[in-house]
Amino acid sequence: MRNFSGPGTCNFSIEPGIYYNVPWLTAITNGDSGAAILSQLDISTGGQTPQPLNQISYVSQDGLDSQVTLAIDPAVNNWWPNPVSLSLQREDGSYIGADKEGNLFAIGADGGVVW
Amino acid sequence: MTPLYATADGGAIVTSTQPPCQPTWVVAPFGTPACPLSSQSQAQLGTLYTVDQNGNVTSQTPDPGAILSWSDQSYDPAPSVPTISALALPAPDWGYGAGAFGFGSPDKVSVWVDRCPALDIVTFNLAEKAVTDLSNLLAARACPLCDSKVFAPLNAQKIHPRPEGLDQTVFASYLGAGHRFCDPTMSKEPAATIGAGSGTIADYFASKAGADEDARTVLGTRMWSYFRPAGTTDTTIRLDAPRHNEAMILHEGLHGWGFIDGRLLYPNIGLCWLIPDENGAVGLCLGGETVRITNWIDQEVLPAP
């Protein structure tokens, strides 16, 4: 099943009653190793409150290397209307980004919040 | 808030300037509006913030909306006139790695360019020791021959562009303003940055392997140099010759402080002009200048260890 629930939002269902929104994908370099893809999913099950899931997938020439989940507060950095993006990578491999509300953050390569 | 540059100290420079909302930005590939439909058609200038490695704001200034060039110069896009103008803004001390610039590079074309690949740890430690030792030496004014054989002759001939003149203290301040040492063999920085034509710096250094071309420095307010890995040639950083390495820092630092290939104001006069011949006459460049300059500074200018 696939439907559009509003401007800019795409819902699709993999299993009956479970909805996955993929509203936001951004890519940034991962040093010399490849790229880091930030995906922001919203998982809904039936009438439950949508559960945001922000992941970084590290990819290289050979494919997917690893995935980590961002430990950002979904109440603050929810997938909508507040998608986040990773803009810079620091020398230690951590990332600096911002959400749509202008909040800055730094997250480690393991997805943990630095500040 | 938009992050612009990761800085060498682990912090960042960010701006609150709102970019103009281009028609193609209204709906991103997966449907999320990238900026509001009612957004402005021109950038709304905000504030530039510098944050430290812990995210604390350490300074702020009005954002003039300047565009940064690959040479670290800032330009006013001047949207109301068909020309641009240079702005006297300090160059950002951008950090190492391909992710140091928002959208990957100064021109923001989403091509991620590692402008300054970090040196390997051996070369890094040797270069850091050399710059620290030389800076301390000059700050203590403990190199009188640096003044009499290098700085004073350059001042006398005015073959540098800096009005403040050059002496040990000035040069120590230049070295103390920070530096960026990079591995040229992996750098995707345009070779034009070091005045070496087209292609990348890595391409250029590959083409010059074995040709006494082991270090290049960019003209600017802080030292920004590319060194081949230590020990790979006789004319790059050496593993067991600290004074040679200090001489190399002084040599390259002179390029960075005021000379492009040593020929900024007087064509055909390079740093080799300083080296006297066997009769004491200066102004002769006898070939093989790069290694001759470093060796001369090592053997005839810097004090013995």
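Based on alpha-carbon centroids, what's the gap between segment B:139-216 and segment B:44-103 in Å, whole number please?
Using only Cα atoms, the two centres lie 25 Å from each other.
Near B:Asp167, within a Cβ-to-Cβ distance under 13 Å, what is the net charge of the other residues, with Lys and Arg +1 and Asp and Glu -1?
+1
Starting at the first residue of segment A:55-64, write each ³J(HN,Hα) from the Karplus equation 6.51 cos²θ - 1.76 cosθ + 1.60 with θ = phi - 60°, in whole Hz, x for Gly and Pro.
Karplus values, whole Hz, x for Gly and Pro: 10, 10, 10, 8, 10, 9, 4, 8, x, 6.
Just tell me how shielded A:88-101 is by partners: mean number of partner chain Cβ atoms within 10 Å of each residue's Cβ, no decimals.
So the per-residue partner count for this stretch is 6.
Residues of A:29-36, mean number of Cβ from any other protein chain within 10 Å of their own Cβ, rounded to a whole number?
Whole-number average of other-chain Cβ neighbours for A:29-36 is 3.
Counting partner chain Cβ atoms within 10 Å of every residue's Cβ in B:132-145, what's the average?
Across B:132-145, the average partner-chain Cβ count within 10 Å equals 0.
Net charge around B:Pro276, counting only other residues with Cβ within less than 10 Å of its Cβ (Lys, Arg = +1; Asp, Glu = -1)?
-2
If I model a spin label as a point 7 Å beyond the Cα along the Cα-Cβ vector, how far apart are those points for B:Ala152 and B:Val111 in nm?
Once both label points are built, they end up 5.0 nm from each other.
What is the diffusion coefficient of segment B:104-154 in µm²/s, taking the Kirkwood radius over Cα pairs and the Stokes-Einstein relation at 20 °C with a viscosity of 1.002 mPa s?
For these conditions, the coefficient is 151 µm²/s.
Between A:Asp110 and B:Gln60, what is the spin-label point distance in nm, taking each point 7 Å from the Cα along the Cα→C-beta axis?
The two pseudo-label positions are separated by 3.4 nm.
How many nm is it between the label spots at B:Asp212 and B:Thr83, if each spot is 7 Å from the Cα in line with the beta carbon?
Calculated label separation equals 4.4 nm.
Every number here is computed from the coordinates shown, using simple stated rules; none is lab data. Bear in mind that the values here come from a model prediction, so they are computed numbers and not experimental data. Please note: Cβ atoms are built from the backbone with ideal geometry, for glycine as well, and neighbour counts cover all protein chains shown.
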